[in-house]
Each structure stands twice: as structure tokens, then as C-alpha cells.
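Structure record follows, encoded as C-alpha cells.
No value in this document is a laboratory result; all are computed from the given coordinates. Since the model is a prediction, treat every value here as computed from it, not as a measurement. Here the Cβ positions follow ideal geometry from the backbone for every residue, glycine too, while neighbour counts run over all protein chains shown.
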Amino acid sequence: MTHAERIARLRLIRTPHVGPVSWHQLMQRFGSGQAALAALPDLVLRGGAGKVRVAPPDVATREFDRVAALGARHIFSDEDDYSPLLREVEGAPPVIIVRGDTAMLRRPCVAIVGARNASAIACRFARQLAVDLAARNVTVVSGLARGVDTAAHVGALGGSTAAVIASGIDIVFPSENAALQEKIAAEQLLIAEQPPGSEPLARHFPSRNRIIAGLAHGTVVIEAAPRSGSLITARRAGDYGREVMAVPGSPLDPRAQGCNLLIREGATLVQNIDDVIEAVGPIDTRMVRESALPAFDFSVEPLCSAEIRDAERREIIGLLGPTPVAVDEVIRQSGHPASAVQLVLLELELAGRLERHAGSRVSAV
């Protein structure tokens, strides 16, 4: 990939209203970041907005320079070092920023997540489970938060662990994990989606959670409240067709309610490493090979822009409202080709008139 193309791709994802889904659709439709950038103004105009505010080249250049100075690098979703498992999921990050050894993402991966205010026994269980997984050459994935996440990373340091953070690669959160974050970056793998300097805002954590779920063959939840981020991670794992596992707890402990709920809904009950191995299948290179997609090439057979009449565009837009609806349902009710509907939705999103939700659902803004 040329330097100019890397600049164009980063400018594209840093442009307002270009999200992971629309970024991939633009790349598939036009074959390159440079061609997609050239097409943006016309798409935004057809979506009902005026001038598009494309991220300028110097923004991308400064980010590349800053990341390199930090000893990190960008990996785009069609590059070999990008996680094959993460590449499979809907809304996969177009680019991630990493410090460390990406080879561990080609090993079997299991995520361990849980409460920040976890009990001592939960942290002990998370740490021992991570030790056992690492001993079997499994990469332990977590979010470097207080409590269960920290215990899982510490337990896996003797093997391999990947930490996904909700901030920029240069920001430490929580502050007490500064030494642990640096150790993981230097000896293991640290992953961020946000550009350098980004503080860990509330809206970034669901995005981080989807990466954790997407990287792993299965997710183990150890203590979680019913509306916690850990349960969001578990439900994302289920949406991706990955194994969801939970450690049961006392019904009198609010921190166990989320795990008990997951088990009631069909998650695998986990009491030890053997339960995890039984749930995710054989822990060997075959498991990785069978589930991994090879890197793809956006320039191969780019999609042609469909011709859509104004009347057809109005029909499709008329099916949207403030309540999220599945894209497949919009296609079915419109009676128009899927490519035409996807193009209209793309135009609306780029114009800031459409919001995408989990589960391939969209709503009008």
C-alpha cells in the first residue's frame, strides 16, 4: 500500500459521519481510499447535505507521525497483521493502532471481562483462569479496566495477553494501571481504535467492547451487573456467533446478577479451564485456521454505483424512522435491489441523516 493511499484511508475514517460500516462500503464500492475521497462530495449532496468536511491531509500526516513516535503503528482491516477473527464481524474497525506483537492474535483467543468493583474471589478466579489459558498457548483478551480485567491481564503475562483500550494509545486509564499498560505494550499487545490523545469518553467504551468480543473465540464474564459494559461485550460476542460463558455467583450479590442472567439465557456455565475448553472447542492452530478469513483486496472488482431515481430514493427514505429497523427489512419492504438500498443508506449516513445500530439496524436522524 502506498503512503498516499494510507493517508487517504485515514482521512476517510477521520471524516465526520464516516463510520466503520460506511468506510468499508466506500472502500468496496470505489476500490481505494483515494477514489472514495473523490466521490464523497457527490454522495453527501445526494444524501441531502451541503458541503462535506473531509479530514485534511495534515491531520492524517500528524497522526501517523505521532503514532510512529510512540513506537506504535496503524493496521488497516485488509492488511495481514489485522486479526482474522475481528475482520469477520460487522462494523469491524477500519484501522487499529497497536503496540506490541500482533502475532498473538493468530493464536486462539479468549476474552475475560467483568466488574470493575469485583470481589477478591472474582479477581482470584480471573487471574487463575488467565494463567491456565496462557499455559495452553491461548491469548487472553480484556479491556485493561479495574477489577476483573486487570486480574486477567496480570494472570496471562507469563503467556500472551492483548489489552484493548477506549482511549488513544498514549493515554493511561485507569491511572493505577500505568505500569501494567506499559508492560503489556512492551511485551504483549496493546490495541486502540481512537487516535492518539483521545480521552476515554463514555461513548468509546461500547466500541472498545465490540473489539474485545470480535477478537476472541469466546468471552467469559466474571461478575457483572445486568446493565454493565461486560454484558454488552457478551451480547456482542453472541451476535458474532462466538461462545458466551459466565461464572455463576450468589443471587444475593448484585455483581453476580448479570452472569446469572446470561446463564439463564443459555450462556455456558464456567467453573474452571476445562469448561472453557469444552465450550470453544480444541485449542490448537486448527481452530484459528478454520475460522480465519484471509486478508482481502478492496481493489478487486469494486462495486459500481447503482443508478437510483429520485422517486426510488424517496421510497427508501420513507421507510426509515426514529426507531431502528433491520436493513434487510428495508430492502424487503422497498422491493428495490439490495445494492440500491445500501447506496441510499450510505448517502444518508454520510450526510448525517442516518444512524447505524448493532445488529445491522438503522434509524433516521
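Could you point to the residue in Ala115, Ala130, Ser175 farthest towards the positive end of the chain's charge dipole, with +1 and -1 charges on the Cβ of Lys/Arg and Asp/Glu respectively?
Ser175
Treating the chain as a set of equal point scatterers at the Cα positions, no solvent, please give the Debye-formula log₁₀ I(q)/I(0) at q = 0.10, 0.14 Å⁻¹.
Values returned for q = 0.10, 0.14 Å⁻¹ are -0.65, -1.17.
Highest mean first, how do 244-256, 261-273 rank when packing is the count of other Cβ atoms within 10 Å averaged over residues?
Per-residue Cβ counts within 10 Å, averaged per peptide and sorted highest first, yield 244-256, 261-273.
Based on alpha-carbon centroids, what's the gap between segment 104-130 and segment 152-191 in Å, whole number please?
13
State the answer as a single residue: which of Gly158, Gly281, His204 lies farthest towards the positive end of the charge dipole of the chain, with beta carbon charges of +1 for Lys and Arg and -1 for Asp and Glu, about the Cα centre.
Selected residue: His204.
Along the Cα-to-Cβ line of Val365, 7 Å from the Cα, sits a label point; which residues in segment 200-235 have backbone N less than 16 Å from it?
203-204
Count the net charge of all other residues whose Cβ sits under 12 Å from the Cβ of Val44, scoring Lys and Arg as +1 and Asp and Glu as -1. Show your work: numbers first, answer last.
Details: positive: Arg46, Lys51, Arg53, Arg353; negative: Asp42, Glu347, Glu349.
The answer is +1.
Would you mind checking which residues have amide H under 5 Å from Ser160's amide H? H placed 1.01 Å from N; only 5 or more apart, or other chain.
The list, which skips near neighbours in sequence, is Val140.
Sorting check: for 343-350, 216-223, 62-69, which peptide has the highest mean count of neighbouring beta carbons within 10 Å, and how do the rest follow?
Ranked from most to least packed, the peptides come out as 216-223, 343-350, 62-69.
Hey, got the dipole for segment 1-134? About the Cα centre, +1 on K and R Cβ, -1 on D and E Cβ, debye to the nearest 20?
400
For segment 1-74, taking Cα atoms only, what is the radius of gyration to one decimal and the Dmax to the nearest whole Å?
12.8, 42
Let me know the charge dipole size of segment 79-157 about its Cα centre in debye, to the nearest 20, where only the beta-carbon of Lys, Arg (+1) and Asp, Glu (-1) is charged. Please report the intermediate quantities before stating the final value.
Details: 9 positive and 8 negative charges, 91 e Å.
Using Cβ point charges on Lys, Arg, Asp and Glu, segment 79-157 gives about 440 debye.
Net charge within 12 Å of Pro16 by Cβ-Cβ distance, Lys/Arg positive one each and Asp/Glu negative one each, not counting Pro16 itself?
Counting the neighbours of Pro16, the net charge comes to +3.
Can you tally the net charge around Glu355? Count Lys and Arg as +1, Asp and Glu as -1, for every other residue whose Cβ sits under 11 Å from the Cβ of Glu355.
That works out to +2.
So, with +1 on the Cβ of K and R and -1 on the Cβ of D and E, and no other charges, what is the size of the charge dipole of the chain about its Cα centre, to the nearest 20 debye?
Using only the charged Cβ atoms, the result is roughly 680 debye.
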